[in-house]
Amino acid sequence: MIKVIIVEDDPMVAEFNKRYLQKVVGYQLINSFKTVEDALPFIETHDVDLILLDIYMPGKNGWELLSQIRMADKNVDVMIISAARDKESIKKGLRLGAVDYLIKPFEFERFQRALTSYREENSFINQHHDFHQKDLDNNVFRKGHHGSGEAIELPKGLTKPTLKKVIKTIEASNKASFTTDMLAEETGISRVSVRKYLAYLLELGMVEETMNYHTVGRPSVIYHVTAINFAICEK
């Protein structure tokens, strides 16, 4: 699980971010802070993977927190969520290494895409020790085939609308694992068809499967979400 803290002085916005975060698979909110001063000691003493950071707050602002964790070489990423939309703020966020920049107010789908992309990249990097340029382009910097704007070709018998429905259902269910029967029931798609789409997601590395031998009769297949990517449905 990716461990997250929220640094946001507006209680309503912090609550929205918390609820949104709970809808995305693979994330765990471990704390929330209203000020940079309260957040910094926690970051120093706890393992934090990602900070959802507002910029303008009473006392120290988000830039100061971001600068301090960069100077301290902390192994933590920052996703900026701010109403600041001026050129200087965007450029500063990029220079300081923000993994994404969400401008308030934003839709849940944009938030979901940001966290999904981050989770995919994080999972990909953690699963490898040695990289080729093509791997980085396709999975991190999005310069390869799936990120270039070219249309992807699905295996024969699969369609993008149905693939999108399968992926959205998996994400919306907020379950880390599921079976073919569960997914077929929630999508209204036949089990045979669902298995074809899951086979494709397996091939892409977005899900993985294990065998459950504790069922009566034939062992059942359990699928586990690894890195669902909505972008493959948009090309």
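The values are calculated or read from the model by the stated rules, or taken from the named source; none is laboratory data. Fair warning: this is a prediction, and the values are worked out from it, not measured in the lab. FYI the Cβ positions are ideal-geometry reconstructions off the backbone, even for glycines, and counts take in every protein chain you see. Ligands, DNA and RNA are stripped out before the accessible areas are found, and what is left, the full protein with its side chains, is counted by its heavy atoms. Shrake-Rupley method; radii C 1.70, N 1.55, O 1.52, S 1.80 Å.
The set of residues from the range 3-17 being open to solvent by 30 Å² or more (accessible area, probe 1.4 Å) and closer than 16 Å to residue 42 by Cβ comprises 3, 9. A single member of 43, 81, 55 is at pLDDT 90 or above, open to solvent by less than 80 Å² (accessible area, probe 1.4 Å), of a type outside the set (D, E, K, R) and part of a strand (DSSP E or B), and it is 81. For the range 115-143, a residue qualifies if it is modelled with pLDDT of 85 or more, of a type outside the set (Ser, Thr, Tyr) and touching a Phe, Trp or Tyr at 6+ places or on another chain (Cβ under 8 Å), and the qualifying residues are 115, 119. Sub-8 Å Cβ pairs linking a first residue in the range 97-114 that is closer than 16 Å to residue 85 by Cβ and modelled with pLDDT under 90 to a second residue that is open to solvent by less than 40 Å² (accessible area, probe 1.4 Å) and of a type in the set (Phe, Trp, Tyr), at least 6 apart or interchain, number zero.
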